[in-house]
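Notes for the one structure printed next.
The values are calculated or read from the model by the stated rules, or taken from the named source; none is laboratory data. None of these values were measured; they are calculated from a predicted model. To get the accessible areas, we keep the full protein, side chains included, count just its heavy atoms, and leave off ligands, DNA and RNA. Shrake-Rupley method; radii C 1.70, N 1.55, O 1.52, S 1.80 Å.
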Amino acid sequence: HAARISAPLRTLDGTLGALHRMLPTEWTRRRVLFHVFRATCAAFEAVLLDPSSVRDYALDDVTVFSHDLRLMQDFFVAENEVGEPQGVTHVEAEECLASLKLLLGILDTRSEVLVELIARPASISTTLVGHQNFRQHELYVLLAGKVLSKRTDSAARSWKAAPVRGAVS
């Protein structure tokens, strides 16, 4: 499983090492690293949600994706021997990883539950402990729909075949 993200991280390590030596200040190096991490998270999410991909997702994929995400976080935080981040801070890492972690939670949810949550968005607040604002609700529904579109189980197929509710004719 580690090979999925390990090889690109090794390549990135060399590039970031060269960049690290060229940038004049620690602050500049950390800002660049933060933005590279944020872009990497966005790319990871885009790959998972790519509508043109023929890959269908199953619940057990979450284990692999979570492992890749942990490797990516460890790489960019780069703690020293005493646990202090040498790259992005833990707060910055959590900021960058927030929507990916939400996505992994959705990927780890059975299709029947996702269909129900999309049908009754008000019930999402009981599902999203700590994510009780409207933007989180919108993001959850959007990601749940994208995940369902990538699944082939009966609940997902039925959801995809159903007419769009509230559509203007």
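May I ask you to give the percent of accessible area on the chain that is carbon plus sulfur, with a probe radius of 1.4 Å? Reported share for carbon and sulfur atoms: 60 percent.
A straight line joining the Cα centroids of the stretch 85-104 and the stretch 16-52 runs 12 Å. Which angle from 0 to 90°, rounded to the nearest 10, does the C-alpha axis of helix 26-49 make with the longest principal axis of the chain? For helix 26-49, the angle is close to 30 degrees. Summed over the residues of the chain and divided among them, the accessible surface reaches 60 Å² per residue at a probe radius of 1.4 Å. With 0.36 nm allotted per residue and the present C-alpha distance subtracted, the D50-R31 stretch has 4.0 nm of extension available. Please list log₁₀ I(q)/I(0) at q = 0.09, 0.11, 0.13 Å⁻¹ for the chain, using the Debye equation with identical point scatterers on the alpha-carbon positions. Reported log10 I(q)/I(0), two decimals: -0.38, -0.55, -0.73.
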